Structures are given as structure tokens and as C-alpha cells.
Amino acid sequence: MKTKNRWLMALSAIAIHLSIGAAYAYSVYTNPIRDTMGWSTTEITLAFTLMMALAGFSAAFFGNFVERNGPRKSAIYAAVLFGAGQAGAGMAVAVNSPILFLLTYGLASGLGLGLGYISPVSTLVKWFPDRRGLATGMAVMGFGAGSLITAPVAGYLIESIGVTPTFYILGASYFVVMILGASYIAPPPKGWMPDGFKKDIASGKKVVKKDLSQLTAKEAVKTKRFWMLWTMMLINTTAGIMMISIASPMAQELVGLSAAAAATMVGIMGLFNGGGRLGWAAVSDYIGRPAVFMIFFIFQIIAFVSFPTITNVLLFQALIFIVVSCYGGGFSNLPAFIGDLFGTKELGAIHGYLLTTWSLGGILGPQIVTIIREQTNSYIPVFYVFTALIVIAFIVSLLIRLDIHRIEKGYKQRKEGAA
């Protein structure tokens, strides 16, 4: 049987992630729905909150489903859930039902989002044993870039034909694109490696770095390194989402950025979010995932310590872009890091468990900054709180690196003893 093309496999994964990444373009619907239907902003935003909260938790819930049923069937179910949720939102608007909107855009789309996020990733890691970081970076970059495509398209359609038809058209489009991606997704033959990689190994030019272990999801969650990785992801995600949630008003208040300039900055943040996913993931293939996470936290410590004293507008924005790139880079490096630590045996399920940090970070980040801002009437204390959190994450990144070295040293000693 002819082996599939792994670059088309990556393109299929990107197609799925581009579709579900449209979730981040949600804000384009808020004002049109409020103005045409008279719903409150709270009612409209609640659906988005539910969708994003479900994304991480449903990824954890569906992780074992992906392992049992494979990426193709999982991605097809994700297409049905997400596409139906988006199109169903149009029906909810047509019949003037905020409850139906919550069930379609919030519940159905949220379940499809979580399932669609993890479906292709573990398979992609297996197709790129030589470039794990780049492979997952490409897919997850697609998720980050989804809103860049959807936002202008949705905005144009809403102005041209209205909110309800826009949801119908986009829901159907997401379904078709995700089904096309799902139709090609399949795991490689067992032990498969690209020809060039095989030749490099045979010639001694490259050495295959073995995974630290091959564990099931149940075995992985019982290890210290799982919870260290979970802690690092939670803090990195919380800091990133916090920054995304307040970047515009914070920049206007602290360095005098105009509303228009702040809006431009938010758009550029989207580029750094998506670009950071690909860039940091590609870098990790050369310097390793532990080193990349340590760099994330060093950069963020410098940024959060500097924010209270910076008056230069460009420098202030540059540090925000760095924090957001680290946020995106955390998601793209996570699947490859899981493969390094726990193998690819049940990577999808383990990935799902670790994505609970996505949902928790989405709740904690905005809540922490809101509470501190209301209590102190200033953003400055927020930076000190997050500096402390990032320092903790940096310490954990050192500990996980030591734990990896300890396990590798144990393997080496046992091998030498057996010899």
C-alpha cells in the first residue's frame, strides 16, 4: 500500500485547525446580534465563554475516544459538532432564542472545538519523527490564524446578507473543510520514518533520540513530570490570556496609546500568537522543548518586571508581543513535549488532559486581572502577581529538566550494568 504524503497530512491538520480557529473571531458577531435582536451583551458573550470553557475540558474528555477510534472518525465527529453548532447559531438568531444560541454556538461548537483540536495532532507527531515541533507548530498555527481569515469574511457577509445567513454559510463551510481534512488523516505504518531521515541515521549523520518512556494516559498522570508540565502550561496560558484580555485598555492607560493604535496593536498580537506557534515549535526541534519553555519564562519575567516602569510606547508593545508569542508557543510545543516525555502510545489522550489548562487559564487570567484592577484601580499590581507566577513556572521548568536528566541517567546506568 502506498504511503501517504506527510505534507498533505500536515495540510489536512491545518484545514481542521483553521476551521475551529474561527472561534476567536467571535467578537464580529456581538454588535450585529445585539443591534438586530436586542439581546444583551452578557447573553451573547455567555455562549462564547461556554464554548471556550468546554474546549479544554472536552479535549480531556474525548482524548481516549480519539485513541480508540482514530483521528479520521474523531475529526469527522468534530466537523459535525462544530459545523452544526455554527449553523445552529444562525437558526437560534432566526427564531430569536438566546437559549438555543447557547446550546448551539456554546455547547455543540465547544465540544467540536475540543475534539477537533486534538484529533489530528497525535497523528501528525507520528508522521514527523524528525520534526515534531515543526509538525505540531504548523497545525496549531492554523488554529491561531483561523480568526484572521474568518473575521473579515464574516464581517463582509454580515453587512451583505445579515447575521443568520452568515452563520449558515460559515457553518457549512467549516463542515466541508473539516471533512476534507479528516478524509486524508491517518496514522503512518508502525515504525515509519521518512527516507531522508533513515539515510541520515544509517550514515550516522543523525541519531534518533528515544522518547523518555512509552506510557498510557493513566500511567502518565501518575508521574511527577506530567504535573510539572501541567503547572507550566497553566501559568503560561493564564499569563497569555490575561494579556490578550486587557492589552488594549492597559496600553491606553499606561503609555497613552490611542484607541486606534491599540486596535492595531491587538491585530498584530494575533500575528505574534500565530507566528509564535510555528516559530517557537520549529526552534524546539533544535534546542529541545525543556529549553524553549525555560526561555518562555525568562522572557516573561523580564517583560512583567519591566512593564511598570516602561514609558516608551514601542518597547511596551514589543514586550506584549513577546508574551503573546510565548502563549502561542506553549500550545504548539505541548504535543511534541508530550511525545518526548511519554511517547506516542496515547499522545492524544494525554494531550487532552493537559489542555484542561486552556480552560482553566481562560477563566483565571481574566478573573485575576479584573479583581486586582477593581481592588487597586491600577494595572501595576497585576504585573507583580504574574511575575511571581512566572518565577514559579521557571523553577518548575528547571525541576522538570532535572527530572528528565535523572531518568536518562538511570537508563544509562542500567544499560551499562547489563553490558
>> If I ask for residues that are out of contact with any helix residue (DSSP H, G or I) (no Cβ under 7 Å at 6 or more places or on another chain) and at pLDDT below 95, which ones from the range 374-394 would you list?
In response: GLU374, GLN375, THR376, ASN377, SER378
> Does ALA59 fit the bill of being at pLDDT 85 or above, under 18 Å from the mean Cα position of the chain (by Cα) and small (Gly, Ala, Ser)?
Replying inline: yes
> With respect to the numbered conditions (1) open to solvent by less than 50 Å² (accessible area, probe 1.4 Å); (2) closer than 29 Å to MET294 by Cβ, which one is the sole condition not fulfilled by GLY171?
Replying inline: (2)
>> Out of the residues in the range 363-382 meeting the condition of being of a type in the set (S, T, N, Q) and open to solvent by 70 Å² or more (accessible area, probe 1.4 Å), tell me which one is farthest from GLU253 (Cα to Cα).
In response: GLN367
> What do you reckon, is ILE400 closer than 24 Å to GLU253 by Cα and touching a Pro at 6+ places or on another chain (Cβ under 8 Å)?
Replying inline: no
> List the pairs whose first member sits in the range 253-267 and is more than 16 Å from LEU319 (Cα to Cα), whose second member is in a helix (DSSP H, G or I) and open to solvent by 60 Å² or more (accessible area, probe 1.4 Å), and whose Cβ atoms are under 8 Å apart, counting only residues at least 6 apart or on separate chains?
Replying inline: SER258/GLN252; ALA259/GLN252
> Out of all the residues in the range 361-383, is one or more assigned to a helix (DSSP H, G or I) and among the aromatic types (Phe, Trp, Tyr)?
Replying inline: yes
> With (1) polar (S, T, N, Q); (2) crowded, with 18+ Cβ neighbours inside 10 Å; (3) not in a helix (DSSP H, G or I) as the list, and GLN214 as the residue in question, which single condition is left unmet?
Replying inline: (2)
> Looking at (1) part of a helix (DSSP H, G or I); (2) closer than 25 Å to VAL391 by Cα, which is the only condition ILE268 fails?
Replying inline: (2)
> If TRP192 passes every condition in (1) open to solvent by 40 Å² or more (accessible area, probe 1.4 Å); (2) within 22 Å of TYR29 (Cα to Cα); (3) touching a residue at least 40 places away in the same chain (Cβ under 8 Å) but one, which one does it miss?
Replying inline: (2)
> Using beta carbons and a limit of 6 Å, which pairs, at least six apart or on different chains, have the first residue in the range 45-59 and within 10 Å of TYR105 (Cα to Cα) and of a type in the set (A, V, I, L, M, F, W, C) and the second one open to solvent by 30 Å² or more (accessible area, probe 1.4 Å) and in a helix (DSSP H, G or I)?
Replying inline: ALA47/LEU102
> Do the conditions hold for TYR174, that is, is it more than 30 Å from CYS326 (Cα to Cα) and among the hydroxyl-bearing types (Ser, Thr, Tyr)?
Replying inline: no
> Within the range 235-250, how many residues are surrounded by 21 or more Cβ atoms within 10 Å (Cβ to Cβ) and either of a type in the set (S, T, N, Q) or closer than 15 Å to HIS351 by Cβ (or both)?
Replying inline: 3
>> With the structure loaded, tell me whether THR216 is among the polar types (S, T, N, Q) and within 25 Å of LEU364 (Cβ to Cβ) or whether it fails that test.
In response: no
>> Just to confirm my filter: which helices (runs of 4 or more DSSP H) fall fully inside the range 1-117 and include at least 2 residues that are β-branched (Val, Ile, Thr) and crowded, with 24+ Cβ neighbours inside 10 Å?
In response: 6-20, 41-94
> Out of all the residues in the range 148-161, which are touching a residue at least 40 places away in the same chain (Cβ under 8 Å) and open to solvent by 20 Å² or more (accessible area, probe 1.4 Å)?
Replying inline: LEU148, ILE149, ALA151, GLY155, ILE158
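The values are calculated or read from the model by the stated rules, or taken from the named source; none is laboratory data. Predicted, not measured: the structure shown is a model, and the values here were computed from it. Note that we place each Cβ from the backbone using ideal geometry, even for glycine, and neighbour counts take in every protein chain shown. The accessibility values were calculated without ligands, DNA or RNA, using every heavy atom of the protein model including side chains. Shrake-Rupley method; radii C 1.70, N 1.55, O 1.52, S 1.80 Å.
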